[in-house]
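Data first, discussion second: the structure below is written as structure tokens.
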Amino acid sequence: MLQTIFLIVGSYLLGSIPTGLLLAKCAGVDIRTTGSGNIGATNVYRTLGRNVGILTLVGDCLKGLIPILVARKLGLGDTMIAAIGTAAFLGHVYTIFLGFKGGKGVATALGVFLGVSPASVGIAVIIFIAMVAARRYISLGSIIAAVAIPLLITWLDRRPPIIAMSVIISLLVIWKHRENISRLRAGTESKFKA
């Protein structure tokens, strides 16, 4: 029981580390006051360039992947793995270090799902890339991938706790993109420039 609590709390705290904010601070920028104000990789990329954006993406992804790999190494069951993955994701979205305000969770969700269902992630990434290439909206690609991932995990993985986790995470990713959805409808969303 104590190990379970430690792993869930530890996963949440790891997820709470604001990668984009820390990397931007190293460059002398408070990412919360520039661009969209979001601490995630897209805003960091637009504000500080490709290299820092990619570092943010990788860092945020690892926050989701590492707890899952640890849980699997310890031989934990699907329910515990799902709880740990959800905790890491919630840490990023509602980080304790920033007054429970965080990013939109796409990269951390990517890490979590990569740890539990790599095949599903592979297809979701293809969907994301195709959508961004066709429409040039990172947000739209993220939303469509978030819709797709529970369906893919249900089809390819079929473990109820992992399916439940994927639904919870995906719904929260879509919820965190509600302002983007409004801008997409209004035609005012910023397009991605490579």
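Observations, loosely collected:
- Selection of first residues in the range 20-46 that are small (G, A, S) and of second residues that are outside any helix (DSSP H, G or I), restricted to Cβ pairs under 6 Å at least 6 apart or on distinct chains, gives the following pairs, ordered by first then second residue: G20/I39; G20/G40; G40/G103; G40/K104.
- Annotation: of all residues in the range 148-174 being in a helix (DSSP H, G or I) and out of contact with any helix residue (DSSP H, G or I) (no Cβ under 7 Å at 6 or more places or on another chain), the one that is surrounded by the most Cβ atoms within 10 Å (Cβ to Cβ) is L151.
- Within the range 36-54, the set of residues being surrounded by fewer than 17 Cβ atoms within 10 Å (Cβ to Cβ) and closer than 23 Å to G91 by Cβ comprises G37, I54.
- Going through (1) under 14 Å from the mean Cα position of the chain (by Cα); (2) farther than 23 Å from S36 by Cα; (3) of a type outside the set (A, V, I, L, M, F, W, C) one by one, G103 falls short only on (2).
- Every listed requirement among (1) surrounded by fewer than 21 Cβ atoms within 10 Å (Cβ to Cβ); (2) at pLDDT 95 or above; (3) among the charged types (D, E, K, R); (4) more than 21 Å from I5 (Cβ to Cβ) is met by K104 save one, (1).
The values are calculated or read from the model by the stated rules, or taken from the named source; none is laboratory data. Nothing here was measured: the structure is a model prediction, and the numbers come from that model. As a convention, Cβ positions derive from the backbone with ideal geometry for all residues, glycine included, and neighbour counts pool all protein chains shown.
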